[in-house]
Amino acid sequence: MRIVNLIENIKGNPECDFEHGLSIYVETETYKLLVDTGCTDKFLENAKRLSIQLEDVDFVVLSHGHYDHGGGLLHFAKVNSHAHIYVRDNVFSNFYHGKDENKRYIGLDKRISNLSQIRYVGGTIRINEELLLFTNVTSRTLWPSGNLELTVEKDGVLVQDDFSHEQYLVISREGKDILISGCAHNGILNILEEYHRIFSKDPDVVISGFHMMKKNGYKQEDIELIEQTAWKLKEYKTKFYTCHCTGEEPYERMKRILKDQIEYVKSGEEIRFDKD
């Protein structure tokens, strides 16, 4: 199995570009898939540099309805018109950062909804014998504080986003169960709780941002949330690969606690994990 971070916030592979966004490529002997497509078309250029043929991708999973994860979908559709694109059924809502006169639209280009490849997901579905999508995470244990700045328009009024537009991919392949999330807006611990409810075990591997990044520094309560999350994750028999919205300082704090149990994967880097 080949897993590559095609685009994220920090430059990794010197041949690849980077941006605020995320796109994960997965290739096995039987299928090729993408989770998210970054903010622009840079993930396409990185794929070319890495000799990855995105025109052969079979499935695309959009983790949630923000521009930095689905901004590249229209570009992708120009090179691949057959791959099914799995999105939550409310993914084209109007999402914003903030709720006053300074609010900024962070949702998707509505033209994406016109693509014939779009497949709407209302709940847990199985794509094939190896791929499963689950949704509807509602617990709020150690919920990322950055979520409080994010809103959605409902009946003409901006309200707190509940991230019901978020979904999570599980790959069962080569004796491993791999959970892929985008930003884990619903909180990685809550997502893992729902995973455990479905599968009655820990995933072997998690690939996800943790939405802990702050532009204006970290308060004591932010640091406590980061470290409490890391101590909880340490209880899992899981290897964590993180990226994108986790942030460099939160990652370093989590690394001190989780040690070899967590790694940061930068733009253009391949995710490698030990075989049993």
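Restricting attention to the range 257-271, and to residues there that are in contact (Cβ under 8 Å) with a residue 12 or more places away in the chain and not in a strand (DSSP E or B), which single residue is nearest to Ile207 (Cα to Cα)?
For the range 257-271, the residue satisfying everything is Val265.
Could you list, ordered by first residue, the pairs with Cβ atoms under 9 Å in which the first is in the range 4-20 and over 19 Å from Met213 (Cβ atoms) and free of Cβ contacts under 8 Å to residues at least 60 places away in the same chain and the second is part of a loop (DSSP other than H, G, I, E, B) and among the aliphatic types (A, V, I, L, M), at least 6 apart or interchain?
none
What do you reckon, is His20 outside any loop (DSSP other than H, G, I, E, B) and closer than 25 Å to Arg104 by Cα?
It is false that His20 is outside any loop (DSSP other than H, G, I, E, B) and closer than 25 Å to Arg104 by Cα.
Tell me whether the range 119-134 contains one or more residues that are in contact with a Gly (Cβ under 7 Å, 6 or more places away or on another chain) and of a type in the set (A, V, I, L, M).
No, the conditions are met nowhere in the range 119-134.
Taking Phe240 as the residue in question, decide whether it is touching a helix residue (DSSP H, G or I) at 6+ places or on another chain (Cβ under 8 Å), at pLDDT 95 or above, outside any loop (DSSP other than H, G, I, E, B) and closer than 18 Å to Asn5 by Cα.
Yes.
Looking at (1) surrounded by fewer than 22 Cβ atoms within 10 Å (Cβ to Cβ); (2) at pLDDT 95 or above; (3) under 27 Å from Val205 (Cβ atoms), can you tell me which one Glu29 breaks?
For Glu29, the failing item is (2).
Within the set of pairs 6+ apart or on separate chains, which have a first residue in the range 139-156 that is over 15 Å from Glu224 (Cβ atoms), a second that is hydroxyl-bearing (Ser, Thr, Tyr), and C-beta atoms under 6 Å apart?
Once the first residue is over 15 Å from Glu224 (Cβ atoms) and sits in the range 139-156, its partners that are hydroxyl-bearing (Ser, Thr, Tyr) give Thr151/Tyr96; Val152/Ser93.
Pick from the range 163-207 the residues that are polar (S, T, N, Q) and farther than 22 Å from Thr28 by Cα: which of them is farthest from the chain's Cα centre (by Cα)?
Filtering first and then ranking leaves Ser200.
Before we move on, is Phe92 touching a helix residue (DSSP H, G or I) at 6+ places or on another chain (Cβ under 7 Å) and aromatic (Phe, Trp, Tyr)?
Here the answer is yes, as Phe92 does meet what is asked.
Does Lys215 satisfy the condition of being assigned to a loop (DSSP other than H, G, I, E, B), at pLDDT below 95 and loosely packed, with under 12 Cβ neighbours inside 10 Å?
yes
Please go through the range 23-52 and give me each residue that is within 19 Å of the chain's Cα centre (by Cα), assigned to a loop (DSSP other than H, G, I, E, B) and not acidic (Asp, Glu), ordered by number.
If the condition is that a residue be within 19 Å of the chain's Cα centre (by Cα), assigned to a loop (DSSP other than H, G, I, E, B) and not acidic (Asp, Glu), then Thr37, Gly38, Cys39, Thr40 are the ones that fit.
What is the residue count in the range 131-175 for residues that are buried (at least 16 other Cβ atoms within 10 Å of the Cβ), over 27 Å from Leu33 (Cβ atoms) and touching a helix residue (DSSP H, G or I) at 6+ places or on another chain (Cβ under 8 Å)?
So the count comes out to 3.
Could you identify the single residue in Leu108, Leu6 that is assigned to a loop (DSSP other than H, G, I, E, B), on the phi < 0 side of the Ramachandran plot, under 17 Å from the mean Cα position of the chain (by Cα) and surrounded by 14 or more Cβ atoms within 10 Å (Cβ to Cβ)?
After applying the criteria, what remains is Leu108.
The values are calculated or read from the model by the stated rules, or taken from the named source; none is laboratory data. Small disclaimer: the values here were computed from a predicted structure and weren't measured. We place every Cβ from the backbone using ideal geometry, glycine too, and count neighbours over all the protein chains shown.
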